[in-house]
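The values are calculated or read from the model by the stated rules, or taken from the named source; none is laboratory data. Since we're looking at a predicted model, the values are computed, not measured. Note: ideal-geometry Cβ built from the backbone for every residue, glycine included; neighbour counts use all protein chains shown. What goes into the accessible areas is simple: the full protein's heavy atoms, side chains included, and nothing from ligands, DNA or RNA. Shrake-Rupley method; radii C 1.70, N 1.55, O 1.52, S 1.80 Å.
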Amino acid sequence: MAAPRSWVLRSFCCREWSRVSPGCRLPGLRSSWPRGPLGARPLSQEKRATETHFGFETVSEEEKGGKVYQVFESVAKKYDVMNDMMSLGIHRVWKDLLLWKMRPFPGTQLLDVAGGTGDIAFRFLNYVQAQHQRKEKRQLRAQQNLSWEEIAKKYQNEEDSLGGSHVMVCDINKEMLKIGKQKARAQGYKAGLAWVLGDAEELPFDDDKFDVYTIAFGIRNVTHIDRALQEAHRVLKPGGRFLCLEFSQVNNPLVSRLYDVYSFQVIPVLGEVIAGDWKSYQYLVESIRQFPSQEEFKEMIEDAGFQKVTYENLTSGIVAIHSGFKL
């Protein structure tokens, strides 16, 4: 998940100032302000520009950041259990499908945003390690005529078990990162894994750094989705891939009715029983309904500069995988 920060104390920075001042735009940065002087904007338009939604509630943009942070801080310890209960375990299949669509290879540099609990990162490490092991076996079969001394000498300088792959997990919530690190230690993940506290709207990474950017069930919690998409485009290398796993709007009327009943009448109750937190899970349900449609989100990804953007519906359209390339 990601949430906004206050720009007041950082307004001296031209990049951040460009986000609050229509008169100071850097080349390549798109402004969300309408053209013309700020003073000419109607009061009602000024109000709309600073308001957003927190579930079905209308709040200020600054207020949403704190509210979303509190939600995930509250649910962090029970996050995995609740995911299993809310999706009947299907979220694991959805995440496996995301890795299948990614098809990373040894040497891939992945940035997983809003991935504090490590679900995507651990799957990535398992996948590339298996790929690297298969590559090693093929090489060994091709070198059967070598002596043991030659083989030993060759493998003295061998790459790590991931073939040079690395995953950077970036999340704005300290509690989510804490849970992820605990899981990594418990499951023995060490090599090729790093954890960074960071905002999806202002990633702390250089341009053109990663081969793949993933965000699973996190982008709907970002206040300015367009900024998060622009940041994703910025940090990807040319040819890099954007992959987003997110809930979508169900088009099948029957499935939609059943989904609504389960979402609004069952999930909050499970949140209260298992995590002692009705309100947080009520927000999570409402945030799904506020997320743009598949076509609207596809247009937003294209507006951020991605090419060949597609989406694939999963499980009767309950979730979708959106993907695109930075060419």
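Of the residues in region 306-314, at least one is within 20 Å of residue 92 (Cβ to Cβ) and open to solvent by 60 Å² or more (accessible area, probe 1.4 Å). Restricting region 300-312 to residues that are of a type outside the set (Phe, Trp, Tyr) and either modelled with pLDDT under 95 or not in a strand (DSSP E or B) (or both), the residue that is farthest from residue 99 (Cα to Cα) is 303.
The residues of region 167-203 that are open to solvent by less than 10 Å² (accessible area, probe 1.4 Å) and over 19 Å from residue 219 (Cα atoms) amount to a single one, 184.
Of all the residues in region 228-269, those that are touching a helix residue (DSSP H, G or I) at 6+ places or on another chain (Cβ under 8 Å), in a helix (DSSP H, G or I) and surrounded by 15 or more Cβ atoms within 10 Å (Cβ to Cβ) number 5. Considering 112, 80, 84, the condition of being under 30 Å from residue 278 (Cβ atoms), among the charged types (D, E, K, R) and in a strand (DSSP E or B) is satisfied by 112 alone.
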